[in-house]
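Take a look at the structure below.
Bear in mind these aren't lab numbers, they're just calculated from the coordinates by the rules spelled out. In this text the structure is predicted, and so the values were computed from the model without any measurement. Note that we place each Cβ from the backbone using ideal geometry, even for glycine, and neighbour counts take in every protein chain shown.
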Amino acid sequence: MLQRFFPDLCKKENALRLIVLLGLAGLALILLSSFGAKEKAAPETEAPVPLAQEAYREALEEELCTILTSIEGVGRVKVLVTLGKSAEYRYAQQGDRRISGDTVQTSSTYVTVGSSREALLESVAVPSVTGVIVVCEGGGNSSVQEQVCHAVSVACALPYNQICVTRLRPGD
């Protein structure tokens, strides 16, 4: 049947050339497809970039300033937040458990995403707040101090002994 459609290919030397040519073309297609797969997989494998500790602290300070200035009698506010240890990154893992007699063997490996073999980020635990200093115009008033302490305590899950509220120096 091939002879009817491709009479020149049925000759031995031409058939061998065709097989080698088709093999090389197949290898080239495989090589090209691997480049295309990497480009398409890159956006999927990118893990969300968590906030850096400094940026997280600054954002928290700004949010506290915004909410505290809304409290009657507070006036202008400056806030300093101190953080504990740095953020913790948790990566997805999968494991095996083998029981043989009295011995239990466990092993675990990280779950990877795409062809880049990057570990799958499961969660990011932000650093804990260890203390807050609030300096405000109304900080000399005990009623304002109590309201500010209560607001910061609720917002940051801190006990009162880790919150300092004081009066802002005139002109600052």
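Converting phi to 3J(HN,Hα) with the Karplus coefficients 6.51, -1.76 and 1.60 and the offset θ = phi - 60°, region 95-103 yields x, 10, 10, 10, 10, 9, x, 8, 9 Hz in sequence order, with x at every glycine or proline.
Amide H contacts of Thr130 (H built 1.01 Å from N, in plane; Pro and chain starts excluded): Thr82, Leu83, Gly84 sit under 5 Å, all sequence-distant by 5 or more or on other chains.
The 3J(HN,Hα) values that the Karplus relation (6.51, -1.76, 1.60; θ = phi - 60°) gives for region 155-172 are, in residue order, 5, 10, 6, 10, x, 4, 6, 10, 10, 10, 10, 9, 7, 6, 5, x, x, 8 Hz. Gly and Pro appear as x. Here's how it looks for Tyr91: its modeled amide H is under 5 Å from those of Glu122, which are all 5 or more places away or on a different chain.
Most exposed first by the Cβ proxy, i.e. fewest other Cβ within 10 Å, how do Ser153, Ser70 rank? Mind dumping the intermediate values first?
Working: Ser153 15, Ser70 10.
Ranking Ser153, Ser70 by Cβ neighbours within 10 Å, fewest first, gives Ser70, Ser153.
Simple spin-label estimate for Leu120 and Ser142 gives 5.7 nm between the two label positions (7 Å along the Cα-to-Cβ direction from each Cα).
The distance between label points at Asp96 and His150 comes to 5.9 nm (points 7 Å beyond Cα on the Cα→Cβ vector).
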